[in-house]
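Notes to accompany the following structure.
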Amino acid sequence: MIHAKVYNAKTVKTSKGILIIEGPVPTRSLELYEFHKDLVAFRTPEQQHKAIIEISKLPEARIIVARLEHMIIGYVTYLHPDPLERWSEGNMDNLIELGAIEVIPEFRDFSVGKTMLHVSMMDDNMEDYIVITTEYYWHWDLKRTGLNVWEYRKVMEKMMNAGGLEWMATDDPEICSHPANCLMVRIGKRVGQGSIQQFDRLRFQNRFMY
């Protein structure tokens, strides 16, 4: 299930300039935009810029960016789950994963993450999808923020809630390996009961916990 990608945008006024939050951004635009040097959460900025360009070429992918003129200062990626994860085992065309979300420290006080998630869900096509995100504490910027894992988890949940994602239980071993890790999910309004049941079977593969 792959829909036409409906472009949406919002502007956010900050003390450092007006941000444009837009998407899904086409590959050509991503190639032309600059990528801020402080986007270092997952790879070096150069490597991550190349990675999101490659992701954008996938038919189901959606990339939302926050930019100051031509400089990307934040982004969100959506794509089908990694083939090595349990979430891909159902081969569900209508299951996509929020794979990464990042905002440079300089702009983290302006609700940029929340706004990117809001822009993501402005597309009516998202009502046909189950959107998931797996949150692992070892990805969180605890050192810079000074927050402990539970405080950071609360911040992450609040941000994901802005995109309509809510906590759901699972017996996935990696998520269960630490109590702060979590699965968050948004089920689109037009997702059928059969798909929901199929997703529930992915969430709980140990029948004694189902």
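Throughout, read-outs are computed from the coordinates displayed, never taken from laboratory work. These numbers were taken from a predicted model, which means no experiment stands behind them. Positions of Cβ are backbone-derived with ideal geometry, glycine not excepted, and every protein chain shown enters the neighbour counts.
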TODO: Consider all pairwise Cα distances in the chain and report the whole-number % of them above 22 Å.
DONE: 49
Task: Rg/Rh for the range 1-102, where both radii come from Cα atoms and Rh is the Kirkwood radius - done: 0.99
TODO: Taking the Cα centre of the chain as origin, sum charge times position over the Cβ atoms of Lys and Arg (+1) and Asp and Glu (-1), and report the length of that vector in debye to the nearest 20.
DONE: 400
Task: Count of lysine pairs in the chain with Cα separation under 19 Å (8 or more residues apart, or interchain) - done: 11
- [ ] Round to a whole angstrom and tell me the spacing of the C-alpha centers of the range 1-79 and the range 117-144.
- [x] 14
Open item on the list: Please report the antiparallel percentage of the DSSP beta bridges confined to the chain, to the nearest 5.
Closed with: 85
